[in-house]
Structure formats: C-alpha cells, structure tokens
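In what follows, a single structure is set out as structure tokens and then discussed.
The values are calculated or read from the model by the stated rules, or taken from the named source; none is laboratory data. Keep in mind it's a predicted model, so treat the numbers as computed, not measured. Counting neighbours? That spans all protein chains shown, and the Cβs are built from the backbone with ideal geometry, glycine included. Just so you know, the surface numbers come from the protein's heavy atoms only, side chains and all, with ligands and any DNA or RNA stripped out. Shrake-Rupley method; radii C 1.70, N 1.55, O 1.52, S 1.80 Å.
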Amino acid sequence: MKRKAATPGKAAPRKAANGKAAKSAAPGRGKATRTPPERQAPARKTAAHDPLAAIRASVALYPSIALVLQGGGALGAYQCGVYEGLHEAGIRPNWFAGISIGAINAAILAGNAPERRLERLREFWELICRPSGSLALPAEAIRLGLSLLPGGAQRDAWVGWLGAMGALLQGQRGFFTARQLPPFLYRDGSDAAVSFYDTAPLRETLERLVDFDRINHDKTVRLTVGATEADTGNFEYFDSRRTRIRPEHIMASGALPPAFAAVEIDGKRYWDGGLVSNTPLERILGEWPRHDTLALQVDLWSARGPRPQTMMDVLERVKDIQYSSRTRRGTYLVARIQQLRAALTELIDGLPDRQVPEHLRETLAPYLDDRVYNVIHLIYQAKPLEEQFKDYAFAHTTMRLHWDSGLEDMARTLQHPAFFVLPDRSRGMATHDVHRIMDRLEQKNGL
C-alpha cells in the first residue's frame, strides 16, 4: 500500500540559536581556525510535539544549505516532490546546483521567489509531460483512457511505455521536437546533422518560467550547473557568483548527445554534464572558503539494484550504475579528507601558540578550519515494471508517481530530526539516508 506523505509544518524564519542571522567565519591563513561558540551546535532537547521546529533550528546553523540535483530526464519530477517537502517544512535552500534535468529544476527554483517556486515547477512539468507534434491529440486521448483504468503496476508500465514512445517519435511540448529528417542525411556539421531533436522549445520555456535577472542579481541565492565541453571533454561549472547565467548555460547542461546538439557558449560548444559527472556534489563540497554546509543530495539513479533477469533489466541497470556517478564514493573521499583536517588541527594544537610554520601556511590554508559537512541522500527507488526507458517516459501519470515518491521520501527524512544536526567537528562530516535505515529494518525483520 502506498504510504501517504506526512503533512509538513509551516515555514519559520532562518535564525541562528542566538536570534541573529547565522554567519560564517572566514578560514584563517596562518592558524587553525576555530568556530566561535555561538556557531557551535547547542545542547538542546528536541521538542517531541514539533520535530519540524527542531529541524528548522538545526538548519538555521548552516550558512550554506544546498539542494543538489542529479540528471535523469523524466525522473526529475522526483526532485520536485523533494523540494515540495522541504518548502512546506520551512527549509529554504540558498544554493541550487544541478546537472541536466537537475539544472533545469535548479534554474526554475533559483529564478523565482520562494512563494512562486512550486507553481513554476508544476507549470514546467505539466507542460513537458504533454506530447508534441501531429500525433499529440491521439496520444492525449489514449493516455486519458488509460488514466481512467484502475491503478496498478501494469497500468503504470503501459503509461510509461506510451510516454517513452511518444517522446522518441514526436518529442515533448515546451522541451524538444523531433527533427523532420534523420541526421544521417546531413554531413555539414549543423545541429540537424548531429542530433535527432531540436531544443528550441526549451529556450522559450526557460525564458518564460525563469527570471534570469533574479539569478544573476539576488545575492541570497546561488545557482551552479555543470556541462561538458565537446571539443576537449573537460567538465566545467557555471556559477552565478562568477558567471552571468543565461538560458544557454541551462540548455548546455542538459544537451545529451546524440539526442540533442551541443550548445554554444562564448565560442565553445557544450554537451550534457552527465557525460563526465552526473552530480555536482563535488562542487558544493569543494567550495573555498569553506562553510558549514547542509547538502541535500537528490539522486535519480540508484547504484544498488536487483540482479537483472532479462536483457531489458541489464540495460536499465547499466543506466543506473553509469549515471549514479558513484555518489557514495565521493562522499566517502570527502569524509576522509575531513578526518585529515581534524587530525591536522589537533596536531597544530600542540605547536607553540598554534602557529603554522610560515613556509607551510599557503599549502595548509585550505585545511586549517573546523567547518563541517552534512550530506542527506534522497535516492529515487525504481518502481516495479519500470524499464530502461524510464528517463524519457514523460507521461503525466508517471510524472505524478515520481513527484509523489520524492514528497514521501522527504516526509520520511523529516521524521529524523537528528539527520539535520550539525556534525561533530572532530569528525567533520556526516551522511544520512532514510532508505538505508528502512533496508536495515527490513533485514532485521527478515523481509
């Protein structure tokens, strides 16, 4: 039976425990930097009657609250459900980072006022989950008929398959359209020669739904998207703190070949960032100067999965593994670096006046602080009868299932206030995943 998402509480202003806005101390250059007492996590009792209040109090202690969105096409509706749960709980990220569809969702969130974000997300997903082209009306009629049938995995599988076939043959409204002639008929290096679909509709959609002036001038919100330079294969981040973000940057992050052509930005051509790395978490955790950071990592592909039984299962698992981008491995490496930082700080404590030798100051500067990272994973769990086309199954019914899954997972995560508490500074990092807890309970109960 489908579990209903818990009803989150109302928003509360982001305040530190002392009533003032939380600030970050800049890391030192010659000494091991300590976090002031007011920035330490206070010893407090969680109010059992209002766990969301305890969560908001914990979140207020993080200067950096990042929502990190993976690429995954139609699965990206899951991220919208996660954000809805955060929004209703009164948690307001101030840094949105994404790859591919995650970059589009991130741009919509960063490019709108908080009170309009959900409305804009819904508008975008309602639009792109409608078929495009000459077969749009018959396809809509067929999907409407299927939606009237009793729910179940088999019906959902048929709806997903029809959505995927519609996307392949016609495209999706407000997103991309199929080119009239196949690219194999061209040899001129044009977009028509190197891609199957035209993404001009996406540009119009972004210009209508995203306020790029807000992204580039609102200093309280940050946007980061990643893309791959087609000529060199190098990965590049476009950050609103350093680059004037335009629709091209968002489109480049989602230009997955051979479906879509590379997007030109300042004389260079870029493909989908997922070709190199499908998650921008490393960008968040590699920020300098460092701040205490809460990163909500929303993955659309799970590296873990059942053993394939058919060739279609094999194709699905290959995508899951390829695009999961070894997120856990990345967080493990960062955790090891954090442990080394803590050990280095302890070592420096034994030096006279805690002074680092002058010739080592520049080299050790990035490691001489006690800032902490807290990474909360929210990972989409594939549904029964989903197949390898799940990332382009842009059906409305499928979209709602993905959205609801994100909302439910966020609600389950919010049932664990301890997930949001500042990590122990002697360790430097914490990771949490509600599905890991659920798996352990199932194993314990023999399920």
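Considering only region 228-270, state which residues are of a type in the set (Gly, Ala, Ser) and either modelled with pLDDT under 95 or within 23 Å of Ala303 (Cβ to Cβ) (or both).
Answer for region 228-270, where residues must be of a type in the set (Gly, Ala, Ser) and either modelled with pLDDT under 95 or within 23 Å of Ala303 (Cβ to Cβ) (or both): Ser253, Gly254.
Gly273 fails exactly one of the following numbered conditions: (1) in contact with a helix residue (DSSP H, G or I) (Cβ under 6 Å, 6 or more places away or on another chain); (2) at pLDDT below 90; (3) among the small types (Gly, Ala, Ser). What is the number of that condition?
(2) is the only condition that Gly273 fails.
Which of (1) under 17 Å from the mean Cα position of the chain (by Cα); (2) open to solvent by 20 Å² or more (accessible area, probe 1.4 Å) is the odd one out, the single condition Gly274 does not satisfy?
Looking at each condition in turn, Gly274 falls short on (2).
Would you be able to tell me the number of residues in region 155-166 that are farther than 14 Å from Glu140 by Cβ and open to solvent by less than 50 Å² (accessible area, probe 1.4 Å)?
The total comes to 5.
Tyr332 versus (1) at pLDDT below 95; (2) touching a Pro at 6+ places or on another chain (Cβ under 6 Å): which is the lone unmet condition?
Evaluating Tyr332 over (1) at pLDDT below 95; (2) touching a Pro at 6+ places or on another chain (Cβ under 6 Å) leaves (2) as the failure.
For Leu206, state whether it is under 20 Å from Arg116 (Cα atoms), over 15 Å from the mean Cα position of the chain (by Cα), touching a residue at least 60 places away in the same chain (Cβ under 8 Å) and open to solvent by less than 20 Å² (accessible area, probe 1.4 Å).
Yes; evaluated as a whole, the condition is true for this residue.
Restricting to region 295-319, name every residue that is β-branched (Val, Ile, Thr) and within 20 Å of His377 (Cα to Cα).
The answer is Val298, and nothing else.
Would you please list the contacts, defined by Cβ atoms under 7 Å and residues six or more apart or on different chains, that run from a residue in region 322-345 that is under 22 Å from Ser100 (Cβ atoms) to a residue that is of a type outside the set (Gly, Ala, Ser) and in a helix (DSSP H, G or I)?
Pairs that qualify, where the first residue is under 22 Å from Ser100 (Cβ atoms) and the partner is of a type outside the set (Gly, Ala, Ser) and in a helix (DSSP H, G or I), are Thr327/Leu281; Gly330/Leu281; Gly330/Glu282.
Would you check if Asp409 is acidic (Asp, Glu), under 21 Å from the mean Cα position of the chain (by Cα) and within 21 Å of Phe124 (Cβ to Cβ)?
Spelling it out, Asp409 is indeed acidic (Asp, Glu), under 21 Å from the mean Cα position of the chain (by Cα) and within 21 Å of Phe124 (Cβ to Cβ).
Is at least one residue of region 124-144 exposed (fewer than 14 other Cβ atoms within 10 Å of the Cβ), touching a Phe, Trp or Tyr at 6+ places or on another chain (Cβ under 9 Å) and at pLDDT 95 or above?
no
For region 177-201: of the residues being of a type in the set (Phe, Trp, Tyr) and under 11 Å from Phe260 (Cβ atoms), which is most open to solvent (accessible area, probe 1.4 Å)?
Phe196
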